[in-house]
Amino acid sequence: MPIYLDNAATTPVCPEAAQAAWETMTAGFGNPSSGYALGQQAAAAVKVHRETVARCLGCLPEEVTFLSCGTEGDNWSIRAAADYGLRKGRHLITTAIEHAAVLEPMRALEGQGWEVTYLKPDRQGHISVEALAAALRPDTVLVSMMLVNNELGTLLPVAQAARAIRASGAPALLHCDAVQGFLKVPFTPGDLGVDLLTISGHKIRAPKGIGAQYIRKGLRLKPLLLGGGQEGGLRSGTEPTAQIAALAAACAAWRPEYRRQMAEVKAYALERLGTVPGLEVVSPGEAPHICAVSLPGYPSEMLVRDLSDRGICVSSGSACHKGRPSHVFAALGLPKRVLMGVLRISFSPDSTRAEADALAEGLTAITQNRIAMR
Ligand code: PLP
């Protein structure tokens, strides 16, 4: 097995989630809409899984809608919130460092005549709530702000954003992409004061193909999919019962001490990476599992390949898209040499100090080989 330090991209499925999926696929496979016992047992299981996810999220079961992924939840939130606010205004606010799953629907709305304000980060990747307060207008109908940035590991001021919206009197709903924050940083949708919040299973050791959407009780959104009326009529389609079971199992298997464990390994990794000649820390990240570094003068793609040859997986991924730096690192205004050498390193509860040592040694060897070749 390679040393896997790209857990913000995706995670291996934990045994509890795999077991739950297997049992649901092979034994409890009924359609929850079927009237016979096998179907009704499946419906009862989905009810229990919704309660589990809600408990881990800190909300009511009826506030949880299952869907296929973070992208689906982000897209739906933005389109449905814009539709919801249509009569009150046509101004939306987000940040320049959101995931494409938020930025692309925002751009699509711009193409349909909506006005979008993109809040810029500072050099460290932080978004100022004062800038948000200044951007809010009487016609602002949606603010979408992520909880943890997926490339920098920085925390965004979502709770303060909720307070700023209330203080401004703007009719804006608040959506939070919590795909990288769920279980990694402590929060509840109620504490944050959000109306909509999106999570994704494959970032927390559930399989790909399952996510969940928090919709504040009382908020009536336009359905995402029309059809058989599943998920309270909001997202029709036969429930993916195995994925739902796996999501609930992964949530339940997640231990509070994982945060401290990941933070400790990350801190150790940053210390060790400090010994790599020329390496710069771009973002230590407040979240326990993500940080970004750069080896100026070494293209990210080459570093990813060379590390892969040594059995180590890290990302330039989001960081370097088809040879171009990502919008997130570009937004920091980094010098070009730093920008082009960026790596994102992301940890899981299974990450170890020995893996951090191997990464630091691998990068040191790459720099030494380069010097030897000159
Ligand atoms: N939002 C953030 C912050 C992410 O990191 C990702 C995935 O990397 C997504 C949304 C998209 O989630 P999914 O892969 O489940 O569609």
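Where a number appears in this text, it was derived from the coordinates with a stated rule and is not lab data. None of the values given here were measured: they were computed from a predicted structure. Neighbour counts are summed over all protein chains in view; Cβ atoms, including those assigned to glycine, are modelled from backbone coordinates with ideal geometry.
In terms of the ratio Rg/(2.2 N^0.38 Å) built on C-alpha atoms, what value belongs to the stretch 225-291?
1.87
Using only Cα atoms, what is the ratio of the radius of gyration of the stretch 74-188 to 2.2 N^0.38 Å?
Numbers: Rg = 13.1 Å, N = 115, 2.2 N^0.38 = 13.4 Å.
For the stretch 74-188, the normalised Cα radius of gyration is 0.98.
Debye sum, Cα scatterers, the stretch 15-253, no solvent: what log₁₀ I/I(0) at q = 0.11, 0.14 1/Å?
The computed values of log10 I(q)/I(0) come out as -0.55, -0.86.
Would you kindly give the portion of the calculated P(r) for the stretch 8-91 that falls above 21 Å, as a percent of all Cα pairs?
Details: 1779 of 3486 pairs.
Of the Cα pairs, 51 percent sit more than 21 Å apart.
Can you show me the helix-derived [θ] at 222 nm for the chain, built from DSSP H runs with n ≥ 4 at -39,500 (n - 2.57) apiece and divided by the number of residues, rounded to the nearest 500.
-12500 deg cm²/dmol
Give me the dipole magnitude in Debye, nearest 20, for the stretch 136-268 about the Cα centre, with unit charges on the beta carbon: positive for Lys and Arg, negative for Asp and Glu.
120
May I ask for the net charge around A267, where only other residues with Cβ less than 11 Å from the Cβ of A267 are counted and Lys, Arg are +1 while Asp, Glu are -1?
Net of charged neighbours comes to +2.
Order of H175, H91 from fewest to most other C-beta atoms within 10 Å?
Listing H175, H91 from fewest to most nearby Cβ atoms yields H91, H175.
To the nearest 20 debye, what charge dipole does the stretch 1-88 have about its Cα centre, counting +1 at the Cβ of each Lys and Arg and -1 at the Cβ of each Asp and Glu?
300
Only counting other Cβ atoms within 10 Å, I'd like D191, D306 sorted with the fewest neighbours first. Intermediate values should be presented prior to the final figure.
Values: D191 12, D306 17.
Least crowded to most crowded, the residues run D191, D306.
Need the list of aspartates and glutamates near K217 for cross-linking: C-alpha distance under 19 angstrom, and skip anything on the same chain fewer than eight residues off.
E51, E62, E63, D74, D83, D177, D191, D195, E231
Relative to the Cα centre, what is the charge dipole magnitude of the chain, using +1 at the beta carbon of each Lys and Arg, -1 at the beta carbon of each Asp and Glu, and rounding to the nearest 20 debye?
Numbers: 37 positive and 34 negative charges, 113 e Å.
Roughly 540 debye, rounded to the nearest 20.
Along the charge dipole of the stretch 15-253, pointing to its positive end and built from +1/-1 on Cβ of Lys, Arg, Asp and Glu, which listed residue (Y84, Q230, L67) has its Cα farthest out?
Result: Y84.
Going toward the positive end of the dipole of the stretch 15-253, with +1 on Lys and Arg Cβ and -1 on Asp and Glu Cβ, which of F182, M145, G209 do you reach last?
Among F182, M145, G209, the one farthest towards the positive end of the dipole of the stretch 15-253 is M145.
Give me S308, S168 sorted ascending by neighbouring Cβ count inside 10 Å, so fewest comes first.
In increasing order of surrounding Cβ atoms, one gets S308, S168.
Taking square-rooted eigenvalues a ≥ b ≥ c of the alpha carbon gyration tensor, is the stretch 160-264 rounded, prolate or oblate, where a/c under 1.5 means rounded and, failing that, a/b exceeding b/c means prolate?
Details: a/c = 2.88, a/b = 1.05, b/c = 2.75.
Oblate, since a/c reaches 1.5 and b/c is not below a/b.
Identify, among P349, H289, C14, the residue whose Cα sits farthest towards the positive end of the charge dipole of the chain, taking +1 on the Cβ of Lys and Arg and -1 on the Cβ of Asp and Glu, with the dipole about the Cα centre.
Of the listed residues, the answer is H289.
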